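Step one of this worksheet: look at the structure below.
The values are calculated or read from the model by the stated rules, or taken from the named source; none is laboratory data. Predicted model, so just to flag it, every value in this text is computed and none were measured. We place every Cβ from the backbone using ideal geometry, glycine too, and count neighbours over all the protein chains shown. Only protein heavy atoms, including side chains, enter the accessible area calculation; ligands, DNA and RNA are left aside. Shrake-Rupley method; radii C 1.70, N 1.55, O 1.52, S 1.80 Å.
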Amino acid sequence: MQVTNTNNSYYAYNKSSQSVTQNVSFAKKMDEVTVHKEIETKGRVLTFLEKTNAFEGFTKEEEIKFKTILKDDKVTQKEFESISYEMLDKFKTLVLPTNDVSFEEFPYVEMTNKSKLMLSTIDLSGDNFFNQSVYNTYEKMSEDDIINMSLELSVNLKQAYNQDDLEVFYIKGISSKINNISPDVMKQMTLDFQKVLLDIINMSNDYIETVKDPQVLKQLHNTKNFYSSVLNNYNELKNESSNE
């Protein structure tokens with residue numbers, strides 16, 4: 001009668017299992033080393049973007065430009081302003097997570113508040129001339145002034161969209177009646193922007209004639225100058241387009 005050595009069979013199986021486990025563990029460590037080296041070479045942002053095929057649909061020129069800017073995981077103000085307005089839609093997909101990527105997964109891109117506010121103009125409304133006119137105005141302003149005026153502009157756009165009475169922010173403050181508008185609705189919003197801008201400019205002028213407080217007066221001039229600049233840029237862009 002033949003006797004099977006079950007102990008040897010178990011030993012062979014156990015040794016084989018350990019070998020597979022070790023190989024998997026080694027491969028995993030090598031992958032981690034590779035990723036670490038990629039991050040050291042390309043930075044976290046580019047490593048993530050290339051892994052998720054984020055540059056699909058970009059021209060070679062766009063890909064090279066954006067990779068050069070993002071290679072150190074940050075965007076300086078000078079680098080941001082070197083991007084044409086027409087390229088900002090694509091650039092936004094590289095520095096902010098899209099619908100299928102969460103904020104937790106997306107690597108942080110260091111940008112100035114001025115750059116972020118300028119980038120936000122592409123979604124201000126459904127009128128690209130208006131959006132770009134605000135962008136061009138922000139470009140020549142300080143970060144603090146942009147923060148102040150962007151809030152005032154947001155309030156006035158919501159008032160106009162909701163067909164509420166327009167208010168000069170530093171006279172009336174934030175109205176309790178203002179209803180928030182979702183970003184998706186804002187992106188599609190169309191208004192008579194020339195009228196909205198002119199109304200705020202004229203209202204500011206009226207208040208400038210009567211207000212005595214120097215701080216409020218200063219802000220009224222800032223409001224008037226900001227809206228006047230946006231209006232001038234808006235008219236210029238529309239005229240350029242009609243002459244093409």
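A few comments on the model shown:
- Neighbour cut-off at most 11 other Cβ (10 Å), DSSP loop, chymotrypsin sites (Phe, Trp or Tyr not before Pro), the stretch 88-129: Phe103, Tyr108
- One decimal place: the segment Lys116-Asp165 gains 14.7 nm when fully extended, by the rule 0.36 nm per residue minus the C-alpha distance.
- Proximal lysine pairs, the stretch 116-205, alpha carbons under 21 Å, eight or more residues apart or interchain: 9
- Rolling a 1.4 Å probe over the protein heavy atoms of the stretch 67-186, with every protein chain left in place, gives an accessible area that is 49 percent carbon and sulfur.
- Fully extended contour minus Cα-Cα distance, from Thr76 to Glu105, at 0.36 nm per residue: 8.2 nm
- Distance (nanometres) between label positions extended 7 Å along Cα→Cβ at Ser242 and Ser228: 2.3
- Heavy-atom accessible surface of the stretch 91-214, averaged per residue, reaches 55 Å², computed with a 1.4 Å probe.
- Here the Karplus relation 6.51 cos²θ - 1.76 cosθ + 1.60, evaluated at θ = phi - 60°, turns the backbone of the stretch 80-95 into coupling constants of 4, 6, 7, 8, 5, 4, 5, 8, 5, 4, 5, 4, 4, 5, 8, 10 Hz, with x for every Gly and Pro.
- Stokes-Einstein translational diffusion, the stretch 62-161 - Kirkwood Rh over all Cα pairs, 1.567 mPa s, 4 °C, in µm²/s: 89
- Across every direction, the projection of the convex hull enclosing the Cα atoms of the stretch 92-244 has a mean area of 10.9 nm².
- Sites Leu151 and Lys218 - FRET efficiency at Förster radius 25 Å, r taken between beta-carbons, to 0.05: 0.90
- Mean separation of Cα contacts under 8 Å (6+ apart) over length of the stretch 90-142, as relative contact order %: 25
- Close amide H contacts of Lys74 (hydrogens built in the peptide plane, cut-off under 5 Å, sequence separation of 5 or more or a different chain): Glu110.
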